[in-house]
1. Between residue 161 and residue 37, what FRET efficiency comes out of the Förster formula 1/(1 + (r/R0)^6) with R0 = 22 Å and r the beta carbon distance, rounded to 0.05?
2. With the Cα gyration tensor of region 72-143 giving a ≥ b ≥ c as the square roots of its eigenvalues, does the rule (a/c under 1.5 for rounded; else a/b larger than b/c for prolate; else oblate) give rounded, prolate or oblate?
3. When Rg is the radius of gyration of the Cα atoms in region 1-58 and Rh is its Kirkwood radius, what does Rg/Rh come to?
4. Give the order of 204, 212, 128 when sorted by the count of other beta carbons within 10 angstrom, beginning with the fewest.
5. Need the full-extension length gain, residue 55 to residue 15, defined as separation in residues times 0.36 nm minus the C-alpha distance. One decimal, nm.
6. Return the ratio Rg/(2.2 N^0.38 Å) for region 147-246, where Rg is computed over Cα atoms only.
7. At 0.36 nm per residue, minus the direct Cα-Cα distance, what do residue 117 and residue 189 gain on full extension? Give it in nm, one decimal, please.
8. In whole angstrom, note down how far apart the Cα centers of region 176-244 and region 1-70 are.
Amino acid sequence: MQIVDVIDPDDERLDDFRDLNSVDRRPDLPVLPGGALGKGLVIAEGVLVVERMVASRFAPHAFLGVNRRLDELSTSLVPTADPGAVPFFRASAEVMAEVVGFHLNRGVLGVARRPAELTAEQAIDGATIVAVLEGVNDHENIGSIFRNAAGLGVDAVLFGSGCADPLYRRCVRVSMGHALLMPFAKLPQWPRELDLLGERGMTTVSLTPDPTVPLLPEAVDGVGKVAFLVGAEGPGLTAAAMRASHVRARIPMSRGTDSLNVATAAAIAFYELARR
C-alpha cells in the first residue's frame, strides 16, 4: 500500500467511502432505489475485517483510516513508495466522520469491487457441510450465520429466494469478515436447485419447530455430507422447500418456546455435526 494523507473530507478520492448510512447513495448498493445501477462495492470495517478482506478473493482497491489503525495493520499491509500500490488514505477521525457520515469507532475501512459471483457448483466443491438459507432478510442474522458457520466447520453457504445481500456492510461486519472468506452462491431456481446437493451426495435437512418430526440428533444420525436448511424468523421454511429436502428435523425446546433466532438454530445444527 501507499500511504496518502488527506485533510479535505470532500476529496473525490474518498467517494467510495462516502455516505455509508445513506439509504439511496450507499456505495455498497448494487442497485439504487428507483432501479439505477449503484457502485455495488464491498466495505470492510475494522482491523480484523480488513485483514480478512486482504486474505479473501475480494481484493481491496483502497483503504481509509486513522494512523492508529494503520499501525495495527502493519503485519498485513506493507507501505511502499510505488505510486501504483493500493492507497491507504490516512485521515483524522474528524475527517473520516465527515466522509462516512458518522463517527467510526473501528477507525479503518477497506473497499473492494465485487468479483464474479460463484456458481453453486463452485461454492460447494469439496464441501461436506453446507448452510442453505431461504427468506432470511436480516443482515445481522446473515452475518451471524456466516460467523457461526466458519467457527463450526461449515464449508459453504447457499442462498435461496428472499434473502438479503450478504455483502452489505453490516452483514460483513457482523460476520467478522467471514462473509468474504467463506464460499457462497445464490440458487436462483429455488427450490429446484436443491437437487444439486443430492446429486453431490448430501442429505438436505430442513429445520422446523414441527413437534411431529424427529429430533435433530436422530435426523442426522449416521448421515455423511449434510446441508441444513433454515428459514426466516416467523414464517420459517416454505412448504415447497421442506418438500424438496430429504429430512425434516427439530431442535428440542422447553417452556412453550416455539422457535429460536435463525442464527442460533443454525449454530445448534452445525454443532450437532461438529461435536462428532
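1. Taking R0 as 22 Å, the efficiency between residue 37 and residue 161 is 0.45.
2. Working: a/c = 2.82, a/b = 1.61, b/c = 1.75.
Oblate is the answer for region 72-143, as a/c is 1.5 or above yet b/c matches or exceeds a/b.
3. For region 1-58, the value is 1.01.
4. 212, 128, 204
5. Full extension from residue 55 to residue 15 adds 12.0 nm.
6. Ratio of Cα Rg to 2.2 N^0.38 Å: 1.11.
7. Details: separation 72, 0.36 × 72 = 25.92 nm, distance 1.56 nm.
Contour length minus Cα-Cα distance gives 24.4 nm.
8. Computed from Cα coordinates, the inter-centre distance equals 33 Å.
Just so you know, all these numbers are worked out from the coordinates, no wet-lab data involved. Quick caveat, the model's predicted, so the values are computed rather than measured. Every residue, glycine as well, gets a Cβ built from its backbone with ideal geometry; the counts of neighbours run over all protein chains shown.
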